[in-house]
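Q: Dumping the structure here so I can ask a few things about it.
The values are calculated or read from the model by the stated rules, or taken from the named source; none is laboratory data. The model shown is predicted, which means the values in this text are computed figures rather than measured ones. Virtual Cβ from ideal backbone geometry, glycine too; neighbours counted across all protein chains shown. Just so you know, the surface numbers come from the protein's heavy atoms only, side chains and all, with ligands and any DNA or RNA stripped out. Shrake-Rupley method; radii C 1.70, N 1.55, O 1.52, S 1.80 Å.
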Amino acid sequence: MSAVAVSFENSKAWVLIDCAEATQHALLHSELTLYHLEAICITHLHGDHCYGLPGLISSMALNARKAPLKLIAPRAVIQFVQSCFTLTEVRLSFDLITIALEEINEKLPLECCDIETIALQHRVPSVGYKLTEKCIPRKLRIAKLQQDGIASGGHYNLLQKGQDVQYQGQWLQSDDYSFYSWQPRVAIICGDNEKPALLSQAIQGVDLLVHEATFTASDLHRVGFHTGHSDAKRVAQFAQTHQVPMLALTHFSVRYHGEGMLQPLVEEAAFYYSGKLIIAQDGLVVDIPKQKQIEGS
Ligand SMILES: [Zn+2]
């Protein structure tokens, strides 16, 4: 069942991508709290990606949540959730800010990350979400501060927090006197998609790609291409071509359930991709390593 949580090192806020049935039960086994959930992003309208929404959102109301929650989803999914609440007389204790995918044409800034959407190809419109980390602590360029004759004081603190400050009548830009401790980490988490090449432009500089691999190449051939899904080979080849450092495969067909059944798919992916291959399973936690930012860059 599809649901990927993205949490951040320097922010309590987190984001949920897709919300299949029983997502809220899976969350009970995690360290995440619904209280800090900032946004739910739905990739496409198929039920195995959104049927968990009414339960999860109304549970937040039962817990008397006050902070607004963003729901980014296809218009039909927003209607599905709102109808569900109307018909079952649910009154939310907080603002549900709905953003229809169809209306997004620029980057969405959240508290914990920036979000962009990438159009994919499936039986219905589907997207990938590109998340770029925010809230990265800054370090001061002490040498430059001293060189420019700027004495230490409260303004050092502000510069380090990313604020421009006035000092002896002149404006000091935070970007000149401080730098991020590490490069923002970037992940793309995709909905169902039969054409990984659609990610070609967005994939540059991405640390982790989470993509479906519903079938092996031979099984997809047998089942037929009408499903709108990918096989492990084509996703692995795409990740290899674009030198993606980490690839997490998800959304395996039920035919691979059971002891050892997934092995051919794993081997197929590993044959075509030499980076860090991750095979998703419920509750799996993946860390994206940090790349140190160098002073002066
Ligand atoms: Zn689907």
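Q: So what is the relative contact order of the chain, in percent, for Cα pairs below 8 Å that sit 6 or more residues apart?
A: 14 percent
Q: Per DSSP H run of at least 4 residues, take -39500 (n - 2.57); add these up for the chain, divide by its residues and hand me the 222 nm value, nearest 500 deg cm²/dmol.
A: Value at 222 nm, helices only: -6500 deg cm²/dmol.
Q: Let me check I've understood the local charge: for residue 222, count other residues with C-beta under 15 angstrom from its C-beta, Lys and Arg +1, Asp and Glu -1. What total comes out?
A: Here the count lands on -1.
Q: All other residues with a Cβ under 12 Å from the Cβ of residue 107 taken together, and with Lys, Arg as +1 and Asp, Glu as -1, what is their net charge?
A: Spelling it out: positives minus negatives among the neighbours equals -1.
Q: Among 278, 188, 104, whose mean-square fluctuation peaks in a Gaussian network model of the chain (Cα, cutoff 10 Å)?
A: Between 278, 188, 104, it is 104 that shows the largest mean-square fluctuation.
Q: Starting from the Kirkwood radius over alpha-carbon pairs of segment 138-180, derive D by Stokes-Einstein at 4 °C in a medium of 1.567 mPa s and give it in µm² s⁻¹.
A: D, rounded to a whole number, is 130 µm²/s.
Q: Using +1 at the Cβ of each Lys and Arg and -1 at the Cβ of each Asp and Glu in the chain, identify which of 17, 6, 264 lies farthest towards the dipole's positive end.
A: With unit charges placed on the Cβ atoms, the residue in question is 6.
Q: When the chain is treated as a GNM, springs tying every alpha-carbon pair under 10 Å, which of 152, 230, 200 comes out with the largest mean-square fluctuation?
A: Judging by the Gaussian network model, the answer is 152.
Q: Right, next: Cut-off 10 angstrom, C-alpha nodes, Gaussian network model of the chain. Which of 235, 286, 186 fluctuates the most?
A: Looking only at 235, 286, 186, the biggest GNM fluctuation is shown by 286.
Q: What does the charge count near residue 8 come to, summing +1 for each Lys or Arg and -1 for each Asp or Glu among other residues with Cβ under 14 Å from its Cβ?
A: Residues close to residue 8 contribute a combined charge of -4.
Q: Using only alpha-carbon positions, what ratio does the radius of gyration of the chain give when scaled by 2.2 N^0.38 Å?
A: My calculation over the Cα atoms of the chain gives 1.14.
Q: Something else now. Rg and Dmax of segment 1-95, using alpha carbons, in Å: what are they?
A: 12.5, 39
Q: Right, another one. When the solvent-accessible surface of protein heavy atoms is calculated with a 1.4 angstrom probe, in what order do 192, 114 fall, highest first?
A: 114, 192
Q: Here's something else I'd like to know. Over the Cα atoms of segment 39-186, compute the convex hull volume and normalise it per residue, giving Å³.
A: Per-residue hull volume (Cα only) is 156 Å³.
Q: Provide, in order from the shortest bin, the percent of all Cα-Cα pairs of segment 99-238 in each 5 Å bin, continuing until the bin that contains the maximum pair distance.
A: Over segment 99-238, the share of Cα pairs per 5 Å bin runs 2, 9, 15, 14, 11, 10, 9, 8, 7, 6, 4, 3, 2, 1, 0 percent.
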